[in-house]
Amino acid sequence: MRTLKVALLGCGVVGAEVARHLALHQDDLTARIGARVELVGIAVRRPDRLRPGVPEDLVSTDAAALVARGDLDVVVEAIGGIETAGALIRSAIGHGASVVSANKALIAAQGAELHRAAREAGTDLFYEAAVGGAIPLLRPLRESLAGDRVNRVIGIVNGTTNFILDKMDSTGEEYEAALKEATTLGYAEADPTADVEGHDAAAKATILAGLAFNTRVTTDQVFVEGITGVTAADMAGARAMGSVVKLLAICERHPDGESVTVRVHPAMIPREHPLASVRGAYNAVLVEADAAGRLMFYGPGAGGAPTASSVLGDLVGACRNRLAGTAGSGDAVYRELPVRPMGEVVTSRHIELDVEERPGVLAAVAAVFAEHGVSVDTVRQHRGSTGTSLTVVTHRATDAALAATVEAVAGLSQVRAVTSTMRVESR
Ligand code: NDP
Ligand code: HSE
């Protein structure tokens with residue numbers, strides 16, 4: 001029986017689980033692949049770190065030498081970051097190996113270039129784990145839905161922020177308190193910037209949009225707004241209208257069919273929306289396609305073992321292709337549709353105003369909406385302990401018109417403050 005040689009780059013949260021599961025399921029993997037998989041080297045930064053269940057004799061610090069051995073069949077990259085990981089993957093491909101990666105930041109930034117290198121070398125480049133952790137999502141988009149036309153992908157693709165928003169919703173606490181809890185429980189990293197500012201979700205949205213619409217999307221074309229500005233008042237406003245706030249990644253085909261929009265931002269969704277019930281650090285993605293209709297993918301979006309499950313699935317696929325002397329489907333992108341700016345996205349808004357209690361206030365506010373061509377869906381006025389609050393939910397309008405409306409309303413002498421404003425996604 002043939003033996004396929006595998007190298008592992010990185011042995012942290014994800015890499016260590018890959019190494020453990022490789023050892024644990026060796027016999028089953030051999031049977032499923034039809035060849036023995038031998039882990040021949042593990043590159044790390046700190047060789048003396050304790051890694052229970054990981055063969056110590058395979059650990060080294062020279063990742064560059066490992067990928068340049070020339071006899072590797074598959075390299076699994078679980079280091080993270082862009083520059084070093086990118087250089088190692090290019091070298092691995094250049095030396096004839098297929099690559100499995102969990103690295104969304106790298107694929108979002110250099111996916112086109114890496115796919116080109118893999119195609120030229122006749123090797124595989126797989127990265128199922130990069131979006132949605134354990135959830136089989138990229139392969140269904142790339143392969144199962146290849147005969148359909150995907151129109152929209154909307155999802156919760158960051159577990160850390162979903163945990164924080166869920167905490168804020170269930171306890172009424174402010175963002176900082178919920179972040180602290182997420183950090184204590186190990187959901188948020190010591191530096192949570194990439195998660196809470198939305199960049200992690202934006203990298204995932206970049207990958208999803210490319211696969212869904214077969215078009216090149218770059219990270220700088222993705223509108224990104226994180227959750228650091230979400231307040232307890234926003235949460236209370238959402239609750240009052242039977243909604244919940246989620247950080248959403250939304251990739252849509254524009255109605256003209258010839259352009260797309262890709263965005264990441266917090267939004268209110270109705271509690272009966274399928275994504276509203278996604279709690280804690282879980283992920284879920286809804287895919288809408290012409291023939292298939294609405295599909296929902298749900299599961300653990302992070303964590304060592306769940307992510308290793310996806311990595312190992314890719315590894316099996318790459319090994320099978322290796323045995324067959326072939327490579328699987330490469331880059332899904334074959335066109336460059338324009339990516340429209342956020343201002344042109346059609347959405348709606350929930351706007352909460354602290355207003356003076358005197359005649360003409362409602363008329364003045366309504367006039368501003370009319371001037372900007374924004375139609376009002378509902379208005380609710382209620383008196384709180386500190387004054388009168390006016391809650392307006394708009395019909396759908398362009399994001400630019402909605403933003404201009406909020407700015408103009410904030411400038412009215414009758415409006416003391418805009419206490420909350422958030423986009424609303426009802427479908
Ligand atoms: P960790 O920080 O836990 O692990 C990174 C590993 O890479 C460590 O073993 C580290 O070595 C090693 N490393 C860092 N730099 C080098 C280098 N120059 N040469 C060799 N080894 C190096 O990260 P994760 O396991 O959490 O993440 C890995 C990848 O998986 C990332 O791309 C991440 O985005 C992705 N991912 C992670 C998920 C998760 O839940 N953690 C979920 C989905 C994807 P040492 O151990 O010695 O420090
Ligand atoms: N930091 C990411 C999250 C890890 O919280 O979802 C999974 O990509």
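The values are calculated or read from the model by the stated rules, or taken from the named source; none is laboratory data. The structure presented is a predicted model; accordingly, all values stated were derived computationally and were not measured. Virtual Cβ from ideal backbone geometry, glycine too; neighbours counted across all protein chains shown. Note: accessible area is taken over every heavy atom of the protein model, side chains too, but ligands, DNA and RNA are not part of it. Shrake-Rupley method; radii C 1.70, N 1.55, O 1.52, S 1.80 Å.
Annotations
- Screening the candidates Val355, Val368 for the property of being touching a Leu at 6+ places or on another chain (Cβ under 9 Å), at pLDDT 95 or above and over 26 Å from Met342 (Cα atoms) yields one hit, Val355.
- Subset of segment 163-188 that is among the hydroxyl-bearing types (Ser, Thr, Tyr) and in contact (Cβ under 8 Å) with a residue 24 or more places away in the chain - its residue that is farthest from Val333 (Cα to Cα): Tyr175
- All conditions in (1) farther than 30 Å from Glu176 by Cβ; (2) in a loop (DSSP other than H, G, I, E, B) hold for Arg279, with the sole exception of (1).
To keep it simple, each residue is scored yes or no on (1) without any contact (Cβ under 8 Å) to a residue 60 or more places away in the chain; (2) part of a helix (DSSP H, G or I); (3) within 23 Å of Leu286 (Cα to Cα).
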site: Ala190; (1), (2), (3): yes, no, no
site: Ala203; (1), (2), (3): no, yes, yes
site: Leu208; (1), (2), (3): no, yes, yes
site: Leu211; (1), (2), (3): no, yes, yes
site: Asp220; (1), (2), (3): yes, yes, no
site: Gly226; (1), (2), (3): no, no, yes
site: Gly229; (1), (2), (3): yes, no, no
site: Asp234; (1), (2), (3): no, yes, no
site: Gly237; (1), (2), (3): no, yes, no
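- Scanning segment 225-250 for residues that are closer than 13 Å to Tyr175 by Cβ and of a type in the set (Asp, Glu) yields one hit, Asp234.
- Residue pairs whose Cβ atoms lie under 6 Å apart, separated by 6 or more positions or on different chains, with the first residue in segment 358-369 and farther than 16 Å from Arg380 by Cα and the second at pLDDT 95 or above, are Val368/Ala408; Val368/Val409.
- Within segment 324-355, considering residues that are open to solvent by less than 60 Å² (accessible area, probe 1.4 Å) and over 30 Å from Thr398 (Cβ atoms), the one nearest to the chain's Cα centre (by Cα): Asp331
- Among the residues of segment 62-96, those that are in a loop (DSSP other than H, G, I, E, B), touching a strand residue (DSSP E or B) at 6+ places or on another chain (Cβ under 7 Å) and closer than 12 Å to Gly10 by Cβ comprise Ala78, Ile79.
- Among residues of segment 158-188, those that are within 19 Å of the chain's Cα centre (by Cα), aromatic (Phe, Trp, Tyr) and not in a loop (DSSP other than H, G, I, E, B), counted: 1
- When restricted to residues that are open to solvent by 50 Å² or more (accessible area, probe 1.4 Å) and under 18 Å from Ala203 (Cβ atoms), segment 263-316 contains 1.
- Restricted to segment 98-121, and to residues there that are under 16 Å from Ala87 (Cβ atoms) and outside any helix (DSSP H, G or I), the residue that is farthest from ligand 2 (Cβ to nearest atom) is Val99.
- Within segment 357-384, the residues that satisfy the criterion of being surrounded by 13 or more Cβ atoms within 10 Å (Cβ to Cβ), of a type outside the set (D, E, K, R) and more than 15 Å from Ala404 (Cα to Cα) are Val361, Leu362, Ala364, Val379, Gln381.
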